[in-house]
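Chemist: Starting off with a structure, shown below.
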Amino acid sequence: MTTPTTDHQTLRRLDLAHHLPAQQNYRLMEQLGGSRIIVRASGSRIYDADGRELLDGMAGLWCVNVGYGREELARAAYDQMLELPFYNTFFRTATAPVVLLATQLAKLTGGELTHFFFSNSGSEANDTALRLVRHY
């Protein structure tokens, strides 16, 4: 995806005018002139519009723990998106990637863990955790 503007000062002004980033002190953000604009990433590094290279110690908020720019993962995602981009596992349904990933994880844990639950969001995960607690 390309941004309509690459002028990071304009983006910072627009950020202050229209964006409410999570976990921020908005008064401080105003004093600083807006958010840091991240423009690219590679491996475990991110780069901002001012040219700074930063170690992404949080892995994109724990969602990019295998690193940025992994072509083999992009290809696998592309291929899967063409075949079947998504389907839920509610109502006695599953997809081949879900079944195969659960099987691989069971092998990797050496039989200590044999069943795996995958969720699409925090609310789904929390709802399921509550249901599991009630079940037990």
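Chemist: Those residues that are under 23 Å from the mean Cα position of the chain (by Cα) and in a helix (DSSP H, G or I), I need them from the stretch 13-33; list them, please.
Modeler: Those that are under 23 Å from the mean Cα position of the chain (by Cα) and in a helix (DSSP H, G or I): 15, 18.
Chemist: Let me ask something else about it. Mind counting the residues in the stretch 103-136 that are open to solvent by 60 Å² or more (accessible area, probe 1.4 Å) and at positive phi?
Modeler: Adding up the residues that qualify gives 1.
Chemist: Related question: Filter the stretch 52-82 down to the residues that are open to solvent by 100 Å² or more (accessible area, probe 1.4 Å) and among the acidic types (Asp, Glu) and list them by number.
Modeler: Scanning the stretch 52-82 gives 53, 71.
Chemist: Considering only the stretch 83-94, state which residues are surrounded by 11 or more Cβ atoms within 10 Å (Cβ to Cβ) and at pLDDT 85 or above.
Modeler: 94
Chemist: Is there any pair with a first residue in the stretch 80-104 that is farther than 14 Å from residue 117 by Cα and without any contact (Cβ under 8 Å) to a residue 60 or more places away in the chain and a second that is surrounded by 10 or more Cβ atoms within 10 Å (Cβ to Cβ) and of a type outside the set (Val, Ile, Thr) whose Cβ atoms are under 8 Å apart and which are 6 or more apart or on different chains, and what are they?
Modeler: 80/97
Chemist: Being touching a strand residue (DSSP E or B) at 6+ places or on another chain (Cβ under 9 Å) and either of a type in the set (Asp, Glu) or touching a residue at least 12 places away in the same chain (Cβ under 8 Å) (or both): is that true of residue 47 here?
Modeler: Criteria not met by residue 47.
Chemist: Follow-up question, since we're still on this one. Do you know which residues across the stretch 14-45 are among the acidic types (Asp, Glu) and either over 30 Å from residue 66 (Cα atoms) or in contact with a Phe, Trp or Tyr (Cβ under 6 Å, 6 or more places away or on another chain) (or both)?
Modeler: 30
The values are calculated or read from the model by the stated rules, or taken from the named source; none is laboratory data. Treat the numbers as computed from the prediction; the structure is a model and nothing was measured. So basically every Cβ, Gly included, is an ideal-geometry build from the backbone, and we count neighbours across all protein chains shown. Heavy atoms of the whole protein, side chains included, go into the accessibility calculation; ligands, DNA and RNA do not. Shrake-Rupley method; radii C 1.70, N 1.55, O 1.52, S 1.80 Å.
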